[in-house]
Amino acid sequence: MKKFKKDFIFSTSTCSYQIEGGRLEGGRTHSNWDKFTIDNFHIPPEGSTEREINSISVAANYYEKYQLDADIMKEMGVNGFAYNLDWARIFPNDSGIANEEGLDFYENAFKSLINNGIKPIPILYHWDTPLWLEEKGGTSSRVFLEAFRDLAKVLFKRLGKYTDIWFVSDENSSYTVQGYLDDYCPPGKKDEKEFWKAIYYLSISGAIAKEEFDKAIKLNYIQENSLLGIDHDWNPPVPYDKDDKDDIEACEKFNEYNLDLFLDPNLLGTFPDCFWNAIKKLDLDEIIIENDIEILKNNKLDLIGWNYYRPAIIAHPKRLNEQIQWQNKPSTFIGNEFVIVFPKNYRYTKWNWLIMPEHLSIGAHVLWNKYDKPLMILENGLGYFDKKEDGIVADDYRIEYLSEHLREVQKAISEGVNFIGYSAWTYCDIFSPSGGYRKKYGFVGVDFENSNLGRYPKSSMYWYKDVIKNLTTTNLEHIDYKKFSNDAKLSLKSRKDLWNK
Ligand code: BGP
């Protein structure tokens with residue numbers, strides 16, 4: 001198995017509303033996620049996978065602990081940290097005047113990373129629209145475009161010198177489906193017209209950001225050869241019956257909605273047929289402006305950030321009439337041309353997320369062959385009910401999950417796919433949109449029971465450190481779990497400068 005290249009990016013990813021806290025500090029005002037978590041606060045019984053919607057006013061308090069966290073990440077040996085900058089901290093109102101305290105915070109956070117040999121990998125937008133902008137129409141209105149241009153200009157100018165990899169947004173798919181069709185996330189709409197408008201404005205705003213990115217390079221705010229990417233959580237489709245042509249056709253339909261719709265606009269400069277059919281069917285022609293389409297065509301993005309957690313088992317809608325006992329109820333999608341199903345005989349997490357690592361390398365070839373752009377895994381991780389023993393979490397299950405997926409990245413690289421990095425979800429325990437604070441993903445634990453929110457190492461942190469240290473020789477097959485939990489226990493005892501501060 002080919003090893004990783006010397007300059008391969010080993011990173012962790014996170015998200016401001018999930019980690020940062022400080023929601024009214026430093027001149028910030030509320031976003032749609034603040035309102036959503038206040039309005040829908042719900043704590044299910046201990047140990048239940050029922051959705052926990054909890055306060056994010058403090059979260060893991062990265063806002064005050066960013067220097068400690070940068071020091072812990074240095075201990076981990078990561079060379080990247082992917083993180084979205086909180087829009088409401090940069091523009092707390094619609095005056096068009098950026099909040100200097102917010103910019104100072106991010107500049108200090110970036111410096112703490114750079115001083116520790118860690119590349120900041122900023123994402124401009126990750127679902128949390130400032131409330132003032134939401135109230136003006138948010139992502140499904142034209143007002144989003146110029147507000148996004150202002151955000152991109154200010155951030156490229158102030159922070160461009162610190163890094164050469166940026167992303168415009170995270171998972172436009174999850175945000176538009178969960179926010180505009182399913183009423184699962186803010187803005188909590190169930191409106192097909194709003195859904196398609198949000199997709200349109202998010203795609204155009206990605207191209208507008210690229211326009212500003214290229215201008216910022218010319219003005220020397222950003223280094224030459226820097227990359228501006230688009231992040232997406234494509235779930236490679238797997239036919240329920242690999243020999244059934246209806247199921248295979250359903251997979252192709254799934255890809256039009258779950259792959260082409262969210263990557264073609266910003267990588268190929270075109271919208272797929274399903275978009276134009278919807279615009280026609282819903283009589284939305286008036287949102288399409290010729291100049292937008294020109295901007296889209298002339299400002300394609302440079303890089304794919306791929307959030308890979310799981311593939312999707314796809315069936316033809318005929319299966320809904322068959323007497324099949326599913327692990328979880330099938331989910332249909334607008335157009336009803338395919339159904340996402342959950343057969344019993346597969347591996348799932350406790351939250352019913354499919355576990356099939358092999359589709360990371362299979363899907364990587366699809367992306368590489370279709371778009372011919374460098375790739376980076378921007379999220380991959382395992383949500384679990386972590387439990388502390390002897391002061392640490394021996395999360396062997398997470399080491400197993402991550403090593404299976406990292407093996408697939410290595411496999412794809414050895415088969416010629418241009419992976420430039422792997423960013424695991426996530427650095428430390430944070431707020432999860434589907435699991436609150438009980439669904440833990442971190443390499444580093446956070447003591448949410450203690451107001452100090454002390455950090456502590458999990459054995460997976462020392463596994464990841466070992467992988468990165470030996471990136472050219474690392475062997476992901478034979479894992480000495482005991483060694484990594486001992487490393488974590490020893491570190492907790494010996495590194496008082498890092499733990500329980
Ligand atoms: C992705 C989001 C992340 C993160 C991750 C895990 O879709 O980009 O923000 O939340 O999913 O999801 P969850 O925390 O709901 O398990």
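Taking the dipole about the Cα centre of segment 387-501, with the C-beta of Lys and Arg at +1 and of Asp and Glu at -1, give me whichever of A488, F443, W499 is farthest to the positive side.
The residue sitting farthest along the positive end of the dipole is W499.
About its Cα centre, what dipole magnitude does the chain give when the only charges are +1 on Lys and Arg Cβ and -1 on Asp and Glu Cβ, stated in debye to the nearest 20?
About 1480 debye.
In debye to the nearest 20, how big a dipole does segment 233-342 give about its Cα centre with +1 on each Lys and Arg Cβ and -1 on each Asp and Glu Cβ?
440
Using +1 on the beta carbon of Lys and Arg, -1 on that of Asp and Glu, and nothing else charged, what's the dipole of segment 1-124 about the Cα centre, debye to 20?
Charge dipole, segment 1-124, about its Cα centre: 780 debye, nearest 20.
Provide Rg over Rh for the chain; use the alpha carbon set for both Rg and the Kirkwood Rh (inverse mean inverse pair distance).
0.94
So, by mean Cβ neighbours within 10 angstrom, what's the order for 7-17, 345-355, 197-207, 244-254 with the highest one leading?
Final packing ranking: 197-207, 7-17, 244-254, 345-355.
Among F41, F81, F419, F443, rank each residue by its count of other Cβ atoms within 10 Å, from fewest to most, as a rough exposure measure.
Fewest to most other Cβ atoms nearby, the residues stand as F41, F419, F81, F443.
Please report K190, K329, K300 as a ranked list, fewest other C-beta atoms within 10 angstrom at the top and most at the bottom.
Fewest to most other Cβ atoms nearby, the residues stand as K329, K190, K300.
Compare the peptides 177-188, 276-287 by average per-residue count of other Cβ atoms within 10 angstrom and give them in order, highest first.
Going from most to least packed, we get 177-188, 276-287.
Below 8 Å between Cα atoms, with a sequence gap of 6+, how large is the relative contact order for the chain in percent?
For the chain, the relative contact order is 17 percent.
Can you give the calculated 222 nm mean residue ellipticity of the chain, where each DSSP H run of n ≥ 4 adds -39,500 (n - 2.57) and the sum is split over every residue, rounded to the nearest 500 deg cm²/dmol?
Computed mean residue ellipticity for the chain: -12000 deg cm²/dmol.
Within 10 Å of each residue's Cβ, count the other Cβ atoms and sort H359, H405 from fewest upward.
H359, H405
Select from G269, F4, L145 the residue farthest towards the positive end of the dipole of the chain; place +1 on Cβ of Lys and Arg, -1 on Cβ of Asp and Glu, and compute about the Cα centre.
Most positive-ward Cα: F4.
Could you tell me which of I53, G77, I295 has its Cα farthest along the dipole of the chain towards the positive end, charges placed at Cβ (Lys, Arg +1; Asp, Glu -1), taken about the Cα centre?
G77
From zero outward in steps of 5 Å, how is the percent of C-alpha pairs of segment 93-144 spread across the bins?
Whole-percent P(r) values from 0 Å outward: 4, 16, 18, 21, 16, 12, 8, 4, 1.
What's the local net charge at A207, with K and R +1, D and E -1, over the other residues with C-beta under 14 Å away?
Charge balance in the 14 Å sphere: -4.
Filter the cross-link list K210/K373; K190/K280; K210/K280; K136/K197; K350/K440; K300/K411 down to pairs whose alpha-carbon distance in this structure exceeds 22 Å.
K210/K280; K300/K411
No lab work stands behind these numbers, since they all come straight from the coordinates. Because the structure is a prediction, the values reported are computed rather than measured. Note that each Cβ is placed from the backbone with ideal geometry, even for glycine, and that neighbours are counted across all protein chains shown.
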